[in-house]
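Right, one structure below, let's go through it.
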Amino acid sequence: MKLRFPLLARILGWFFLNLLLLVAIGYGVFRAQFSFGLDLLLAGRSGDRLQALADGVAAEVSEQPRAQWDAVLARFGEAHGARFLLFRQDGTQLAGQPEPLPPRVRERFGAGRRGPPGRRGPSADDFRGPPAQRPGLGLGPPHLPFNPPLRDRPPFMVRTERPTQYWVGIRVGVREPELPRLVPAVLLIVSGSVHGGGLFFDFKPWIVVGSAAAVVSGLFWLPLVRGITHALAQTTRATERIAEGKFDVRVPTQRRDELGQLGEAVNRMAQRLEGLVNGQKRFLGDIAHELCSPIARIQMALGILEQRADARQQGYVDDVREEVQHMSALVAELLSFSKASLGSGAVRCEPVNLRAIAEQALSREAQRGGDVRLEVPVELQVAAAPDLLQRALANVIRNAILHAGGTGPILVSARRDGAEAVITVADSGPGVPADSLPKLFDPFYRVDQSRARETGGVGLGLTIVKTCVEACGGRVACRNREPRGFEVSLVLPIARETPAAKPATSA
């Protein structure tokens, strides 16, 4: 089975691929233009959140004795799933689990400063003189955890290898016991992932924004895509019905684009085909009707010749009579096909008992021989025209007897399937080639291409079956049975009302 991809899925797929391509291009331009680095991950709200956390840690550390600093950092580390370390700006560790600083991290302690060139950040020596000489600290209360001049450099992030770790440094002010005022320090938060338990880089806002952008874009595109696929689906359904011979179908043509033009073209094609096919059927009906009178006169003449012919001429008369009978059967089939085809629009369906119809069709064909068994529920009723349904069933039974009457029993059965009744005629014959199955209901089609008289009729039997059943609002299908046999199915709607069974009229 060939795998199919709906047009909607293709359009949406290309849309998201285009979105990913734009994201990749934007990432490349951004990285080339701004020398993309890890510090940018800490810009904005992430940096503010880290600074607020660091201020809280520094405040709690400053209020505790020096011996409790390790416990304070350990508690914060357990809460956030990372390691908290406190260092002076010269690289001396003040608190936390002892750990040597990687060279790249140590380099960042004095890097990334903001402010005018030539100005250095405050150091511990700046806090040893009188208050008037301390740079920018003023005479604020000694318990304040942080003074503005200590925050003149943003947080930084460094990635180290073997093992992979991410180091985030935030500059804070802490109060050491031997110093009266706050001194600058660096709080390091170490994690094994760039996410850092949500401290370093929070993916959720990006995921939410990206998802929202994708949803909004999809909703923006959906009316256009839905309009295209809906119009194509309508056109597909219409062309499928046209292929089934239902030429009265029409496609809506309100659109003012190429799809609207396509719908108008399909409508014109259906109208043209309807005229051609109906004209062909009328032509066949007219020809068959006109042939009836000459054939009747020929049969009368043959009767007279048969009475007057001697024994030597009798063989020729019999041959002519056989040919005339075959021609008469062909004309009768043509008339039945024309009547069923052209009269389908005026068919009046009524509730009929399926068992009674099947018994009448079986009695009509019983003289042809064959073991035909009937398994149809007595109470099953369908909505159909009795004469058309009887003709269809009789043709199917006749076809089964002709091709498989001597290979085993022929079973005529019926069952209810929801709001429909399924009638099947199954035999045990050789079946038909698989490539012939879709063509069996075509007019004048025969599996035997030689069209020998001994191997079948004129190729209108199953065509008449299809026409009669479709005129009643049903459908037909056929298939080869396994391991051997052939089956024809007639599907008809269940009758809405269930009056007493009406006697079926003869075809």
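The values are calculated or read from the model by the stated rules, or taken from the named source; none is laboratory data. The structure presented is a predicted model; accordingly, all values stated were derived computationally and were not measured. A quick note on method: Cβ atoms are made from the backbone with ideal geometry, for glycine too, and the neighbour counts reach across all protein chains shown.
Return the pair list, or none, for Cβ contacts closer than 8 Å from residues in region 283-306 that are not assigned by TED's automatic domain parsing to the domain that holds GLU322 to residues that are surrounded by 12 or more Cβ atoms within 10 Å (Cβ to Cβ), at least 6 apart or on different chains. Nothing qualifies. Only one of the numbered conditions (1) out of contact with any helix residue (DSSP H, G or I) (no Cβ under 6 Å at 6 or more places or on another chain); (2) at pLDDT below 80 is violated by PRO103, and that is (2).
Residues of region 50-84 that are under 12 Å from VAL172 (Cα atoms) and among the hydrophobic types (A, V, I, L, M, F, W, C): LEU50, ALA52, LEU53, ALA54, VAL57, ALA58, ALA59, VAL61.
I'd like the residue in region 154-203 that is at pLDDT below 80 and either in a strand (DSSP E or B) or of a type in the set (Val, Ile, Thr) (or both) and, out of all such residues, is surrounded by the fewest Cβ atoms within 10 Å (Cβ to Cβ). Residue satisfying both the conditions and the ranking: VAL194. Taken over region 84-93, the criterion of being modelled with pLDDT under 90 and surrounded by 14 or more Cβ atoms within 10 Å (Cβ to Cβ) is satisfied by ARG88, GLN89, GLN93. GLN360 - would you say it is without any contact (Cβ under 8 Å) to a residue 12 or more places away in the chain and closer than 21 Å to SER336 by Cβ? No: the conditions fail for GLN360. Can you confirm whether region 494-501 contains a residue that is modelled with pLDDT of 60 or more, closer than 15 Å to ASN399 by Cβ and in a loop (DSSP other than H, G, I, E, B)? Within region 494-501, none of the residues are modelled with pLDDT of 60 or more, closer than 15 Å to ASN399 by Cβ and in a loop (DSSP other than H, G, I, E, B).
Restricting region 424-461 to residues that are of a type in the set (Asp, Glu) and part of a loop (DSSP other than H, G, I, E, B), which is modelled with the lowest pLDDT?
My answer is ASP448.
Counting only strands (runs of 3 or more DSSP E) that sit wholly inside region 343-401, those with at least 1 residues that are buried (at least 19 other Cβ atoms within 10 Å of the Cβ) and over 39 Å from the mean Cα position of the chain (by Cα) are 350-353, 372-375.
Looking across region 71-97, just one residue is over 19 Å from SER191 (Cβ atoms) and part of a helix (DSSP H, G or I), and that is ALA71.
Selection over region 274-332 of residues that are polar (S, T, N, Q), surrounded by 12 or more Cβ atoms within 10 Å (Cβ to Cβ) and closer than 30 Å to ILE464 by Cα gives a count of 5. Within region 242-261, is even one residue in contact with a helix residue (DSSP H, G or I) (Cβ under 7 Å, 6 or more places away or on another chain), among the hydroxyl-bearing types (Ser, Thr, Tyr) and either part of a loop (DSSP other than H, G, I, E, B) or assigned by TED's automatic domain parsing to the domain that holds PRO443 (or both)? So far as region 242-261 goes, yes, one or more of its residues are in contact with a helix residue (DSSP H, G or I) (Cβ under 7 Å, 6 or more places away or on another chain), among the hydroxyl-bearing types (Ser, Thr, Tyr) and either part of a loop (DSSP other than H, G, I, E, B) or assigned by TED's automatic domain parsing to the domain that holds PRO443 (or both).
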